[in-house]
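Undergrad: I have a structure here, written as structure tokens, and I will follow up with some questions on it.
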Amino acid sequence: MTGTPLKTHELATAIAAGRLSATEALGQAIARIEATDARVNAFTARTFERARREAADVDTRRARGESLPPLAGVPYAVKNLFDIEGEVTLAGSKINRDDPPASADAVLVQRMRAAGAVLVGALNMDEYAYGFTTENSHHGPTRNPHDLSRSAGGSSGGSGAAVAAAQVNLSLGSDTNGSIRVPSSLCGVWGLKPTFGRLSRRGSYPFVHSIDHLGPFADSVEGLTLCYDTLQYPDPQDPGCHTRAVQAVLPTLVQGVAGLRIGVLGGYFEHLATAPARAAVLSAARALDARGEVLWPDAAEARAAAFIITASEGGSLHLEHLRQRADEVEPLSVDRFIAGALQPAAWTTRAQRFRRVYRDKVNELFAQWDVLLAPATPVAAPVLGTEWLDINGERLPCRPSLGLLTQPVSFAGCPVVAAPLWPGGEAGNLPIGVQIVAAPWREDLALRAAHVLQEAGVACLKETML
């Protein structure tokens with residue numbers, strides 16, 4: 001790749017000022033996708049004709065002298081579990097190909113369109129969001145743009161890879177147990193898992209209703225914040241969306257972290273992180289002047305409970321598929337879906353009861369701390385097909401273990417920014433993300449800390465060799 005691509009906020013500013021048209025920006029994105037995606041395999045559908053209409057509309061509005069919305073002309077793409085009008089919502093599956101096209105865009109796609117963003121396509125994922133590597137047997141694996149032999153993470157692997165490969169400035173994904181934060185970590189991009197219930201999920205294919213989150217990936221903290229502010233919407237038609245007022249973050253983004261109480265999660269989060277992951281956290285902690293080690297309550301128990309609920313709700317959702325078309329379900333996940341469908345209901349009830357107590361314990365931490373830091377993944381991106389990981393001398397299965405450090409946090413519903421760091425050493429030239437965790441509804445604090453890391457040069461995107 002030659003030249004440095006404009007970041008989200010820079011591109012939006014250039015288009016609004018008339019230095020670049022939305023049509024020109026789209027042409028650059030299309031050329032980049034066409035030049036790189038045969039190797040990366042981030043896209044499962046390209047919506048270029050729609051994108052050309054959306055870009056032309058932005059240019060027409062500017063020519064009329066209208067004030068443009070905040071993301072006008074910025075190319076983006078969405079995980080293929082978001083409804084796109086006129087497209088079949090695949091959710092990574094073969095079975096869903098038989099479904100009719102979506103009759104309307106998902107709510108978050110509608111929000112992006114209202115903000116002027118230009119949709120260029122749908123992105124690869126683990127089937128039905130059950131996985132952490134996007135080794136999709138139906139659509140092929142998404143490859144890490146920093147090393148094409150390695151995983152992009154999952155289940156939103158296409159969303160992370162498309163931003164890392166500079167195919168788009170922004171993308172949307174989902175996160176149940178870590179599916180935004182794991183690809184952000186392995187691909188070296190910014191990601192945000194908002195507070196559970198903050199963003200509408202209407203028009204997205206579900207996985208685990210009681211834990212699913214939706215959120216953005218971006219090329220910069222400013223882009224992540226612009227996108228998050230755009231997506232906020234108290235949707236009364238989504239029973240899982242809280243009817244809280246929009247809390248715009250962009251106005252406070254540059255306030256820094258002076259006065260914030262910032263700690264580093266130890267115990268579970270240290271023991272299950274390799275040396276490069278710990279080094280990444282140490283770099284972030286120094287830049288943010290983090291003081292003190294913090295123990296997150298019942299992390300291992302929370303991960304176990306999240307597994308139980310995930311398997312149970314996922315298995316129940318796909319019960320008819322398992323009964324009638326099991327041979328067409330992703331081979332890497334079909335056994336887990338079947339096992340979940342066979343779980344005793346009492347297990348799920350007990351796990352949900354534990355979750356209520358657990359959330360209270362986690363929330364008590366934030367009486368003493370404003371921001372907490374932890375690795376996002378225990379390792380850098382593994383080679384595709386890797387079955388086992390060595391984590392501090394313990395041999396663990398690769399695919400589920402990529403979510404070791406994300407599951408306890410999302411189970412509590414806390415907002416998290418995944419910041420891309422580059423620890424080097426054993427990780428080589430690969431990134432490992434750091435989770436910046438805040439109390440529920442305090443995305444602003446996590447994003448302020450992320451901005452400090454970006455401005456200090458500690459966390460950033462790096463150009464790939466594509």
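The values are calculated or read from the model by the stated rules, or taken from the named source; none is laboratory data. Please read all numbers here as calculations on a predicted model, not as lab measurements. In this analysis, Cβ positions are derived from the backbone assuming ideal geometry, glycine residues included, and neighbour counts consider all displayed protein chains. The accessibility values were calculated without ligands, DNA or RNA, using every heavy atom of the protein model including side chains. Shrake-Rupley method; radii C 1.70, N 1.55, O 1.52, S 1.80 Å.
Undergrad: Note down the accessible area of Phe82, probe 1.4 Å, to the nearest 10 Å².
TA: Roll a 1.4 Å probe over it and Phe82 shows about 10 Å².
Undergrad: Give the carbon-plus-sulfur fraction of the accessible surface of the chain in %, rounded to a whole number; probe 1.4 Å, heavy atoms of protein chains only. It would help to have the intermediate numbers written out before the result.
TA: On the way: 8780 of 17100 Å².
Of the solvent-accessible surface of the chain, carbon and sulfur hold 51 percent.
Undergrad: Over the heavy atoms of Thr243, what accessible area does a 1.4 Å probe trace out, to the nearest 10 Å²?
TA: 110
Undergrad: Counting only DSSP beta bridges with both residues in segment 8-456, what percent are antiparallel, rounded to the nearest 5? Write down the numbers at each step before the final one.
TA: Values: 35 of 48 bridges.
Counting DSSP beta bridges with both partners in segment 8-456, the antiparallel share is about 75 percent.
Undergrad: Would you mind checking which residues have amide H under 5 Å from Val294's amide H? H placed 1.01 Å from N; only 5 or more apart, or other chain.
TA: Counting only residues 5 or more places away or on other chains, the set is Val264, Leu265, Gly266.
Undergrad: Within 10 Å of each candidate Cβ there may be at most 13 other Cβ atoms; applying that plus a DSSP loop requirement, which trypsin sites (Lys or Arg not before Pro) in segment 1-81 survive?
TA: Those that pass, being in a loop and sparsely packed, are Arg19, Arg64.
Undergrad: Okay, next question. Run the dipole for segment 363-466 about the Cα centre, Lys and Arg Cβ at +1, Asp and Glu Cβ at -1, nothing else charged, and hand back the magnitude in debye, nearest 20.
TA: 100
Undergrad: Taking amide H positions as placed in the peptide plane 1.01 Å from N, state which residues far from Tyr233 in sequence (5 or more) or on other chains have amide H under 5 Å from it.
TA: Under 5 Å from the amide H of Tyr233: Ser200.
Undergrad: Hey, how many Å between the Cα centroid of segment 1-43 and the Cα centroid of segment 231-253?
TA: Each part reduced to its Cα centre gives a spacing of 29 Å.
Undergrad: Now for a separate question. Rounded to whole Å, give me the distance from the Cα center of segment 376-441 to that of segment 263-333.
TA: 8
Undergrad: Under a plain spin-label model, where a point goes 7 Å from the Cα along Cα-to-Cβ, how far apart in nm are Arg286 and Ser67?
TA: 4.5
Undergrad: With a 1.4 Å probe and every protein chain left in place, tell me how much accessible area Glu85 has, in Å² to the nearest 10.
TA: Approximately 110 Å² of Glu85 is accessible to the 1.4 Å probe.
Undergrad: Next up: Can you tell me the FRET efficiency between Ala35 and Ser149 if r is taken as the Cβ-Cβ distance and R0 is 22 Å, rounded to the nearest 0.05?
TA: With R0 = 22 Å, the Cβ-Cβ based efficiency is 0.65.
Undergrad: How many nm separate the modelled label positions at Val246 and Leu332, each set 7 Å beyond the Cα in the direction of the Cβ?
TA: A separation of 3.7 nm, rounded to one decimal place.
Undergrad: Let me make sure I get this right: for segment 376-466, a, b and c are the square roots of the gyration tensor eigenvalues over alpha carbons, sorted descending. Under 1.5 in a/c it's rounded, otherwise prolate if a/b > b/c, else oblate. Which is it?
TA: Oblate.
Undergrad: Separate question: Along Cα→Cβ, 7 Å out, is where each label goes; now give me the distance between the ones at Ala114 and Asp390 in nm to one decimal.
TA: 5.3
Undergrad: Going by amide H atoms built from the backbone, whose H comes under 5 Å of the H on Ala102, apart from near neighbours?
TA: Under 5 Å from the amide H of Ala102 lie the amide H atoms of Ile84, Gly86, Glu87, Val88, Thr89, each far enough along the sequence or on another chain.
Undergrad: Mind listing the phi-derived Karplus ³J(HN,Hα) values for segment 51-66, rounded to whole Hz, using 6.51, -1.76 and 1.60 with θ = phi - 60°, and x for any glycine or proline?
TA: Per-residue couplings from phi come out as 4, 5, 5, 5, 5, 4, 5, 4, 5, 5, 5, 5, 4, 7, x, 6 Hz.
Undergrad: I'd like to check one number: the per residue accessible area of the chain, probe 1.4 Å, reported in Å² as a whole number. All intermediate terms of the calculation are to be shown ahead of the outcome.
TA: Numbers: 17100 Å² over 466 residues.
Result: 37 Å² of accessible area for each residue.
Undergrad: Now for a different question. Place a point 7 Å from the Cα of Glu301 along the Cα-to-Cβ direction; which residues of segment 386-413 have their backbone N under 20 Å from it?
TA: Answer for this model: 404-413.
Undergrad: Which residue, Leu192, Leu372, Ala218, has the largest displacement toward the positive end of the dipole of the chain when charges sit on each Cβ (Lys, Arg +1; Asp, Glu -1)?
TA: Checking the options against the dipole of the chain, the answer is Leu372.
Undergrad: Related question: Based solely on its DSSP helices, what 222 nm [θ] is calculated for the chain when runs of n ≥ 4 H residues each add -39,500 (n - 2.57) and the sum is averaged over all residues, nearest 500 deg cm²/dmol? It would help to have the intermediate numbers written out before the result.
TA: Details: 16 runs with 174 residues, N = 466.
Using -39500 (n - 2.57) per qualifying helix, the result is -11500 deg cm²/dmol.
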